[in-house]
1. Looking at chain A as a GNM with Cα springs under 10 Å, which of A:Met62, A:Met233, A:Met342 has the largest mean-square fluctuation?
2. Quote the charge dipole size of segment B:24-75 about the Cα centre in Debye, to the nearest 20; the model charges only the Cβ of Lys and Arg (+1) and of Asp and Glu (-1).
3. On average, how many beta carbons from a partner chain sit within 10 Å of the beta carbon of a residue in B:96-104?
4. Given the C-alpha centroids of segment B:23-102 and segment B:116-134, what is the distance between them in whole angstrom?
5. Tell me the label-point distance for the pair A:Lys308, A:Gln296, using the 7 Å Cα-to-Cβ offset, in nm and rounded to one decimal.
6. Give me a single rounded figure for A:49-60: the average over its residues of other chain Cβ atoms within 10 Å of their Cβ.
7. For segment A:230-351, with the dipole built from +1 on Lys and Arg beta-carbon atoms and -1 on Asp and Glu ones, taken about the Cα centre, which of A:Ala334, A:Gln296, A:Leu345 lies farthest toward the positive end?
8. Taking the label point 7 Å from Cα in the Cβ direction, how far apart in nm is B:Gln304 from each other copy of itself, listed shortest first?
There are 2 protein chains.
Amino acid sequence: MRFLHTADWHIGRRLHGFDLSEEQKDAFQQIETAAKKYQVDGIIIAGDIYDRKLPAEKSVQMLNHMLRQLNLKDHFPIYAISGNHDSATRLSTGAPWYRDTNFYMHTSVAQSFQPVELPDVQLFLLPYFEPFEVQQYFQDSSLKNVSLAFDAIVSKMKTLFDPHKKHILVSHFFASGSSQTDSETQLKVGGLAAVPVDLLSAFDYVALGHLHGKDAIHDPKIQYSGSPIKFSMSEAHQKKGFFIVDTDHIQDRTFVPLKPKRDVQQISASFEKLTDPKFYQQLNCDNYFGFLLKNQKPIPNVMQRLRKIYPHIASLSRAAGYEINVDYDGENGAKLKKANPMEVLNQFYQKVANEPLSDQQKQWAEDALQNAHDGRKKP
Amino acid sequence: MRFLHTADWHIGRRLHGFDLSEEQKDAFQQIETAAKKYQVDGIIIAGDIYDRKLPAEKSVQMLNHMLRQLNLKDHFPIYAISGNHDSATRLSTGAPWYRDTNFYMHTSVAQSFQPVELPDVQLFLLPYFEPFEVQQYFQDSSLKNVSLAFDAIVSKMKTLFDPHKKHILVSHFFASGSSQTDSETQLKVGGLAAVPVDLLSAFDYVALGHLHGKDAIHDPKIQYSGSPIKFSMSEAHQKKGFFIVDTDHIQDRTFVPLKPKRDVQQISASFEKLTDPKFYQQLNCDNYFGFLLKNQKPIPNVMQRLRKIYPHIASLSRAAGYEINVDYDGENGAKLKKANPMEVLNQFYQKVANEPLSDQQKQWAEDALQNAHDGRKKP
C-alpha cells in the first residue's frame, strides 16, 4: 500500500503578521496533485491541522474545503489525528460520520486502540495527548510523564497487533534526539515531554508530526514529514515537502518537495548591498525576508526604504549590534548640553544622512529655534 | 409522515450568569424520548442550535453528542438549519458527510433550493440569512431587505414544487405579527427584518425558529416551536415544549410540553412574604427566580438573605422603586453636616435595621469616633 504522509498544516497561521492562507492553499493543491499522480491509497495527516484551538471562521472554511476535496471529491482515504495546536473536541465534530468514506479523524487516546484495518497494514492513529488523559484511560496515576504514558500506550497497542500485517503508527510528539525550531511550541525542560526513539521500535513505520523539519530525526523507520510551508525564520533553510511511503519498501520512501508560492529567506547583508539593484534583481523580491543588517550605524527610515524593494519583510535586525555614539550622561552629555543647538543638529544630520545640512535646511532650523526662543520670552 | 419540530436550543446559553447546561441536557433527553415514543420520521431543528457563533468547547462537545445520539444511535433523520446565533461556517463542518445517514444541516441560501425529497413531502431548509447573501445569490442588488429577499427565495422554491407532494418550509426569522421577548436578539426597527405572513401561504407547513414562544403566531399552517427551556425572565410565563406534526393532519399538530429541570419564575412580593416559610415552602426554591420586591425601604443584605432560601436568584429589582430619604444637598444636607455623629448613626441604624443601636454597638461607635478624633489631632 502507498501512503502520502504530511503533517503540521497549521491552517490559520501567520508569519510575523503576514497572512499565509494563499501559501497554504497553494501547498495543498500541490499535495492533492501529487496524491493523484502517485495514486496513493490514503493520506496521513499527523496533527496540528489548525494553528489554534479556536480557529477563525476563515480557517474553518478553508480546512472544510480541503478535507471535502480530498475525501469526497477525490475519494482518498484520510488518516488524521489532532496535534497540540488543535482542539481535539472541535476537530472531532463530524468525525463519527466520516467513517463511511474512509476518513478517520482520531482525537482521543481511546481511539488509538481501534486500529484502521487495511489489507496488509494496521494503522494506529494516536493524537497528541497529555499524560493526564492516559492516566485516566488506564486508571494509573503513575503515568506521570509523556514517556511513561507512551510506553503504556504502545504496550496495549502491541496486544492488538495482527502478526500478518505491517504496523504503522501515526502520532504527534517530540521524539528525543530530534532538533527543534522556534515555531514549534516551547517544550518542557528536562525531556519530560519527549518520547525516546527506542519505544517506537515495535512499528514498521512511524509517521510523525510536531517538528516542522523533515530532518529532525534520521531513522530507517521514523519520519517527521515536516510542515508543507515555512512558518518561521528559523525554518528558512529547511526543505519543505511530504513523503510517499510504500509499505513494501518503507526505507525507500520518497521525499516530494513543495514549491513555495512565496519563499521565506534569511539574508545577512549590508543596507547598501540590499538596496543595490545588482543584488536584489537576482532575488524574488516578493518572498518573505528576514534581514540581518550588517551595518552598525543608524540608517534613517530603514524599514520604509527596504519595503519599497521588498514588500514582505518579516523581520529586520542587526547582525553585529547597533552602534549609538550619543551619550547623554557623563562628559559627553555635559558637552552636548553646552553646545550650540545648530552645531548639534549639524553633527547629528551629518551622522545619520551622510551629508551636511543644506542652506535651506539650516534656514528652517534657525527659524524654528528663533520661534522657540521668542515663545519662551513672551508667555 | 410525522415530524418532531423543535428550535432555538441555544446550547451554551447562560441565564444571568447561571450555567443552563444541565437543563439543556435534560430537555434534550425528553425530546429524544418523545421522538421514540411518537415514532417520528424525522426531527426538525429550526436554527439557533448554538447560542454563540463561537461556542465554547464544552458546548461543542454537548451538541456533538446530541446529534450523534439522535442520528447515529437512534437513526432519526435530522433536518436542521443555522440561525442568527449560529456560525453557518462552523455549523457546516462535517455536513457533507451527514447526508448518508439522512442528516441534513443546511447553512446557506443555495442549499435551500435542494429540497429534501421524501415520499410525500418536499422539505425546504432555509437557514437564517442576511439580504446581502440573497443579493449575491440572485445577482440582484434590489433585494435590499428580508421581505424582498424572502419573496425572491419563495418564488424560486415554487418552481421546484412537486405538485404530488406536500411542501414544508423550515426556517428562522421574525414573521410579522409575532410578539417578541427580551432574550431574542434585538431586531431592526421599521419591520425591515420581518417577513410578512402572507409570503408563507405557498407552504403546507412552516416550521419556524427564532422567537422563543410557541404562541408568537397563531396560524393554521405557521408555527414557532419555541425554545425547549426558558432563557430569560420575560419567558417565565411561556409554556415550553415542541410540536409533533403529521403531514396528513397538519392543523391538528400536537404541542408536547417539556418539564423543566429547574423552572424560571417571576415573583412580585414583599421581602417579608418571600422570607415567610408558609410562602416559600410551597415553591420549588431550587428554581431560577426573578424577584420584584414590593418594599420601597432599604433592606440590609437583601440578596444574601434571600439567597439562603433561594440559591438561584437570577434578578432582583424593586416593583415600585427604591426610597432613599437621605439628601446630602440643600437644607437636609446642611442639617446633617451639623448634627452629632452619634445621632446620625443612631437614626441611620434605626432606619435600616428597624431597631436601635445596642449599648455594645454604641460603645464601639464611640470608641471608633474617639480614635478618629485623636488621629486627627496627632499627625
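Values in this text are rule-based calculations from the coordinates and carry no lab data. Worth saying up front: this structure is predicted, and the values here are computed from it rather than measured. Heads up, the Cβs are rebuilt from the backbone with ideal geometry, glycines too, and the neighbour counts pull from every protein chain shown.
1. A:Met342
2. The dipole magnitude comes to about 120 debye.
3. Working: counts 10, 13, 3, 2, 3, 3, 0, 1, 0.
Per residue, the number of nearby Cβ atoms from other chains is 4 on average.
4. Using only Cα atoms to place each centre, the spacing works out to 17 Å.
5. 2.8 nm
6. Per residue, the number of nearby Cβ atoms from other chains is 2 on average.
7. A:Leu345
8. Spelled out, the distances from B:Gln304's label point are 6.1 nm.
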